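The values are calculated or read from the model by the stated rules, or taken from the named source; none is laboratory data. Quantities reported herein were computed from a predicted structural model and do not represent experimental measurements. Every residue, glycine as well, gets a Cβ built from its backbone with ideal geometry; the counts of neighbours run over all protein chains shown.
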Amino acid sequence: MTVLTLALAGLAVLLLAAVHVVTPSLRFLDGSPRSVWLSAAGGVAVAYVFVHFLPELAGGEASVGRMAGDTFGGFSERHVYLIALTGLMAFYGLDRLAKVDRSRRAGIPVTDARGASVNVGTGAGVFWIHMGSFGLYNGLVGYLLLHREATGPASLAFFTVAMALHFVVTDYGLNEDHKAAYRRIGRWVLVVAVLAGFAVGAATAVSDAAIAALTAFLGGGVILNVLKDEVPSERQSRFWAFALGAAGYSALLLTL
(Lines give C-alpha, C1' and ligand atoms only; values in the text may rest on other atoms or scores of the structure.)
Protein backbone atom coordinates (compact mmCIF):
# COMPACT_ATOMS: atom_id res chain seq x y z
CA MET A 1 0.00 0.00 0.00
CA THR A 2 1.55 3.30 -1.08
CA VAL A 3 1.53 6.55 0.86
CA LEU A 4 -0.56 8.14 -1.91
CA THR A 5 -3.16 5.38 -1.70
CA LEU A 6 -3.39 5.77 2.06
CA ALA A 7 -3.67 9.56 1.81
CA LEU A 8 -6.41 9.48 -0.83
CA ALA A 9 -8.35 6.86 1.11
CA GLY A 10 -7.94 9.00 4.23
CA LEU A 11 -9.57 11.94 2.48
CA ALA A 12 -12.34 9.63 1.27
CA VAL A 13 -13.13 8.33 4.75
CA LEU A 14 -13.28 11.89 6.11
CA LEU A 15 -15.82 12.73 3.40
CA LEU A 16 -17.92 9.69 4.31
CA ALA A 17 -17.77 10.59 8.00
CA ALA A 18 -18.84 14.16 7.19
CA VAL A 19 -21.92 12.84 5.35
CA HIS A 20 -23.18 11.28 8.59
CA VAL A 21 -22.65 14.55 10.45
CA VAL A 22 -24.49 16.83 8.03
CA THR A 23 -27.27 14.71 6.49
CA PRO A 24 -29.76 14.97 9.41
CA SER A 25 -29.56 18.76 9.03
CA LEU A 26 -30.42 18.79 5.31
CA ARG A 27 -34.00 19.92 5.59
CA PHE A 28 -34.46 20.22 1.81
CA LEU A 29 -34.55 16.40 1.71
CA ASP A 30 -37.77 16.33 3.76
CA GLY A 31 -41.32 16.14 2.50
CA SER A 32 -43.52 14.14 0.16
CA PRO A 33 -43.24 13.33 -2.70
CA ARG A 34 -39.72 12.06 -2.08
CA SER A 35 -36.88 14.49 -2.74
CA VAL A 36 -35.42 14.25 -6.23
CA TRP A 37 -31.97 14.32 -4.60
CA LEU A 38 -32.67 11.22 -2.54
CA SER A 39 -34.04 9.36 -5.55
CA ALA A 40 -31.05 10.37 -7.70
CA ALA A 41 -28.61 9.36 -4.95
CA GLY A 42 -30.32 5.99 -4.69
CA GLY A 43 -30.01 5.52 -8.44
CA VAL A 44 -26.27 6.20 -8.28
CA ALA A 45 -25.74 3.67 -5.50
CA VAL A 46 -27.74 0.94 -7.26
CA ALA A 47 -25.91 1.63 -10.53
CA TYR A 48 -22.59 1.14 -8.75
CA VAL A 49 -23.70 -2.23 -7.41
CA PHE A 50 -24.95 -3.57 -10.74
CA VAL A 51 -22.29 -2.12 -13.03
CA HIS A 52 -19.24 -2.44 -10.76
CA PHE A 53 -19.90 -4.67 -7.75
CA LEU A 54 -21.59 -7.55 -9.55
CA PRO A 55 -18.85 -7.98 -12.17
CA GLU A 56 -16.36 -8.00 -9.29
CA LEU A 57 -18.43 -10.69 -7.60
CA ALA A 58 -18.27 -12.83 -10.73
CA GLY A 59 -14.50 -12.44 -10.72
CA GLY A 60 -14.26 -13.35 -7.04
CA GLU A 61 -16.56 -16.38 -7.24
CA ALA A 62 -13.71 -18.83 -7.79
CA SER A 63 -11.70 -17.67 -4.78
CA VAL A 64 -14.77 -17.65 -2.52
CA GLY A 65 -15.70 -21.11 -3.81
CA ARG A 66 -12.25 -22.41 -2.92
CA MET A 67 -12.46 -20.87 0.55
CA ALA A 68 -15.93 -22.35 1.12
CA GLY A 69 -14.84 -25.71 -0.21
CA ASP A 70 -11.84 -25.78 2.11
CA THR A 71 -13.98 -24.76 5.07
CA PHE A 72 -17.33 -26.47 4.49
CA GLY A 73 -16.61 -29.13 1.94
CA GLY A 74 -18.25 -27.19 -0.93
CA PHE A 75 -21.97 -26.45 -0.55
CA SER A 76 -22.73 -24.55 -3.74
CA GLU A 77 -21.28 -23.16 -6.93
CA ARG A 78 -22.84 -19.76 -6.19
CA HIS A 79 -21.27 -18.92 -2.84
CA VAL A 80 -20.67 -15.24 -3.49
CA TYR A 81 -24.25 -14.61 -4.63
CA LEU A 82 -25.59 -16.40 -1.57
CA ILE A 83 -23.53 -13.99 0.52
CA ALA A 84 -25.04 -11.04 -1.37
CA LEU A 85 -28.52 -12.48 -0.75
CA THR A 86 -27.65 -12.81 2.95
CA GLY A 87 -26.75 -9.11 3.05
CA LEU A 88 -30.03 -8.18 1.40
CA MET A 89 -32.08 -10.35 3.76
CA ALA A 90 -30.25 -9.12 6.85
CA PHE A 91 -31.06 -5.50 6.14
CA TYR A 92 -34.62 -6.32 5.11
CA GLY A 93 -35.07 -7.88 8.53
CA LEU A 94 -33.62 -4.81 10.24
CA ASP A 95 -35.90 -2.48 8.28
CA ARG A 96 -38.94 -4.59 9.12
CA LEU A 97 -37.98 -4.62 12.80
CA ALA A 98 -37.78 -0.82 12.88
CA LYS A 99 -41.09 -0.38 11.03
CA VAL A 100 -42.98 -2.76 13.30
CA ASP A 101 -41.56 -1.20 16.47
CA ARG A 102 -42.21 2.37 15.34
CA SER A 103 -45.75 1.52 14.23
CA ARG A 104 -46.52 -0.20 17.54
CA ARG A 105 -45.30 2.82 19.52
CA ALA A 106 -47.31 5.23 17.32
CA GLY A 107 -50.44 3.07 17.31
CA ILE A 108 -50.70 2.98 13.51
CA PRO A 109 -50.69 0.18 10.91
CA VAL A 110 -47.24 -1.14 10.03
CA THR A 111 -47.56 -0.09 6.37
CA ASP A 112 -47.91 3.53 7.51
CA ALA A 113 -44.86 3.49 9.76
CA ARG A 114 -42.85 5.98 7.75
CA GLY A 115 -45.59 7.55 5.72
CA ALA A 116 -47.50 8.90 8.71
CA SER A 117 -46.64 12.36 10.02
CA VAL A 118 -45.85 11.30 13.58
CA ASN A 119 -42.87 12.30 15.65
CA VAL A 120 -42.36 8.86 17.15
CA GLY A 121 -39.12 6.92 16.89
CA THR A 122 -38.24 3.36 17.75
CA GLY A 123 -37.51 2.00 21.21
CA ALA A 124 -34.02 1.87 22.69
CA GLY A 125 -33.57 -1.84 21.96
CA VAL A 126 -34.35 -1.54 18.24
CA PHE A 127 -32.28 1.64 18.03
CA TRP A 128 -29.15 -0.09 19.31
CA ILE A 129 -29.72 -3.15 17.12
CA HIS A 130 -29.89 -0.80 14.14
CA MET A 131 -26.82 1.16 15.22
CA GLY A 132 -24.81 -2.00 15.82
CA SER A 133 -25.77 -3.43 12.44
CA PHE A 134 -25.21 -0.25 10.47
CA GLY A 135 -22.03 0.32 12.44
CA LEU A 136 -20.68 -2.97 11.06
CA TYR A 137 -21.96 -1.97 7.62
CA ASN A 138 -20.10 1.34 7.84
CA GLY A 139 -17.00 -0.36 9.14
CA LEU A 140 -17.08 -2.60 6.09
CA VAL A 141 -17.28 0.43 3.79
CA GLY A 142 -14.35 2.03 5.60
CA TYR A 143 -12.32 -1.16 5.26
CA LEU A 144 -13.06 -1.52 1.55
CA LEU A 145 -11.72 1.97 0.88
CA LEU A 146 -8.31 0.30 1.10
CA HIS A 147 -9.07 -3.27 0.07
CA ARG A 148 -11.33 -3.45 -2.98
CA GLU A 149 -11.11 -5.86 -5.89
CA ALA A 150 -10.39 -2.93 -8.24
CA THR A 151 -7.68 -0.51 -7.13
CA GLY A 152 -6.42 2.90 -8.23
CA PRO A 153 -7.51 6.54 -7.72
CA ALA A 154 -10.36 6.37 -10.26
CA SER A 155 -11.85 3.26 -8.66
CA LEU A 156 -11.54 4.88 -5.23
CA ALA A 157 -13.27 8.04 -6.44
CA PHE A 158 -16.22 6.14 -7.95
CA PHE A 159 -16.58 3.99 -4.82
CA THR A 160 -16.43 7.02 -2.51
CA VAL A 161 -19.02 9.03 -4.45
CA ALA A 162 -21.40 6.06 -4.64
CA MET A 163 -21.05 5.29 -0.92
CA ALA A 164 -21.34 8.95 0.09
CA LEU A 165 -24.64 9.29 -1.77
CA HIS A 166 -25.76 5.93 -0.42
CA PHE A 167 -25.02 7.16 3.12
CA VAL A 168 -27.23 10.20 2.47
CA VAL A 169 -30.10 7.82 1.63
CA THR A 170 -29.53 5.50 4.60
CA ASP A 171 -29.01 8.40 7.03
CA TYR A 172 -32.28 9.95 5.94
CA GLY A 173 -34.08 6.68 6.62
CA LEU A 174 -32.38 6.16 9.98
CA ASN A 175 -33.28 9.71 10.98
CA GLU A 176 -36.93 9.02 10.10
CA ASP A 177 -36.92 5.78 12.08
CA HIS A 178 -35.11 6.92 15.23
CA LYS A 179 -35.70 10.70 15.33
CA ALA A 180 -33.76 12.59 18.04
CA ALA A 181 -31.86 9.49 19.17
CA TYR A 182 -30.22 9.24 15.77
CA ARG A 183 -29.32 12.92 15.62
CA ARG A 184 -27.99 12.91 19.19
CA ILE A 185 -26.11 9.57 19.26
CA GLY A 186 -26.66 7.39 16.20
CA ARG A 187 -24.88 9.45 13.57
CA TRP A 188 -21.80 9.69 15.78
CA VAL A 189 -21.79 5.91 16.17
CA LEU A 190 -21.68 5.62 12.37
CA VAL A 191 -18.93 8.23 12.11
CA VAL A 192 -16.77 6.25 14.55
CA ALA A 193 -17.63 3.00 12.74
CA VAL A 194 -16.50 4.13 9.28
CA LEU A 195 -13.30 5.62 10.73
CA ALA A 196 -12.65 2.42 12.68
CA GLY A 197 -13.16 0.31 9.57
CA PHE A 198 -10.62 2.46 7.75
CA ALA A 199 -8.13 2.11 10.62
CA VAL A 200 -8.51 -1.69 10.57
CA GLY A 201 -7.99 -1.66 6.82
CA ALA A 202 -4.81 0.40 7.18
CA ALA A 203 -3.43 -2.06 9.73
CA THR A 204 -4.52 -5.40 8.29
CA ALA A 205 -5.16 -7.19 5.02
CA VAL A 206 -7.25 -10.28 4.26
CA SER A 207 -7.40 -12.74 1.38
CA ASP A 208 -8.95 -12.07 -2.01
CA ALA A 209 -11.73 -14.51 -1.12
CA ALA A 210 -12.58 -12.54 2.01
CA ILE A 211 -12.61 -9.25 0.05
CA ALA A 212 -15.01 -10.82 -2.47
CA ALA A 213 -17.26 -12.06 0.35
CA LEU A 214 -17.29 -8.67 2.09
CA THR A 215 -18.03 -6.93 -1.21
CA ALA A 216 -20.91 -9.34 -1.88
CA PHE A 217 -22.47 -8.72 1.53
CA LEU A 218 -22.16 -4.95 1.09
CA GLY A 219 -23.68 -5.15 -2.40
CA GLY A 220 -26.74 -6.99 -1.11
CA GLY A 221 -27.14 -4.46 1.68
CA VAL A 222 -26.87 -1.48 -0.69
CA ILE A 223 -29.56 -2.86 -3.00
CA LEU A 224 -32.01 -3.42 -0.15
CA ASN A 225 -31.30 -0.15 1.67
CA VAL A 226 -31.95 1.86 -1.49
CA LEU A 227 -34.93 -0.01 -2.90
CA LYS A 228 -36.81 -0.25 0.41
CA ASP A 229 -37.30 3.53 0.23
CA GLU A 230 -37.72 3.86 -3.52
CA VAL A 231 -40.26 1.09 -4.19
CA PRO A 232 -43.09 1.58 -1.60
CA SER A 233 -45.95 3.56 -3.13
CA GLU A 234 -46.42 5.74 -0.04
CA ARG A 235 -42.95 7.21 -0.56
CA GLN A 236 -44.06 8.79 -3.90
CA SER A 237 -40.54 8.36 -5.21
CA ARG A 238 -39.26 10.23 -8.26
CA PHE A 239 -38.67 7.54 -10.87
CA TRP A 240 -37.16 9.94 -13.38
CA ALA A 241 -34.57 11.15 -10.84
CA PHE A 242 -33.74 7.58 -9.80
CA ALA A 243 -33.39 6.51 -13.44
CA LEU A 244 -31.31 9.55 -14.34
CA GLY A 245 -28.96 8.95 -11.43
CA ALA A 246 -28.59 5.28 -12.33
CA ALA A 247 -28.10 5.90 -16.05
CA GLY A 248 -25.66 8.77 -15.58
CA TYR A 249 -23.47 6.97 -13.08
CA SER A 250 -23.57 3.76 -15.14
CA ALA A 251 -22.24 5.72 -18.12
CA LEU A 252 -19.40 7.09 -15.99
CA LEU A 253 -18.55 3.65 -14.57
CA LEU A 254 -18.29 2.22 -18.07
CA THR A 255 -15.37 4.57 -18.68
CA LEU A 256 -13.29 2.77 -16.06
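Among residues of the stretch 157-179 that are among the aromatic types (Phe, Trp, Tyr), those with a Cβ under 7 angstrom from a residue that is outside any helix (DSSP H, G or I) and modelled with pLDDT under 90, sequence gap 6+ or separate chain, pair up as 158/256; 159/148. For the stretch 142-159, does any single residue satisfy the condition of being aromatic (Phe, Trp, Tyr) and either over 16 Å from residue 214 (Cα atoms) or surrounded by fewer than 20 Cβ atoms within 10 Å (Cβ to Cβ) (or both)? The answer is yes; a qualifying residue exists.
Of 183, 187, 148, all but one fail to be farther than 21 Å from residue 43 by Cα, in a loop (DSSP other than H, G, I, E, B) and among the basic types (Lys, Arg); the exception is 148.
All conditions but one from (1) over 19 Å from residue 30 (Cα atoms); (2) modelled with pLDDT of 90 or more apply to residue 164; the one that does not is (1).
The set of residues in the stretch 137-194 being over 16 Å from residue 48 (Cα atoms), aromatic (Phe, Trp, Tyr) and within 16 Å of the chain's Cα centre (by Cα) consists of 137, 143, 172.
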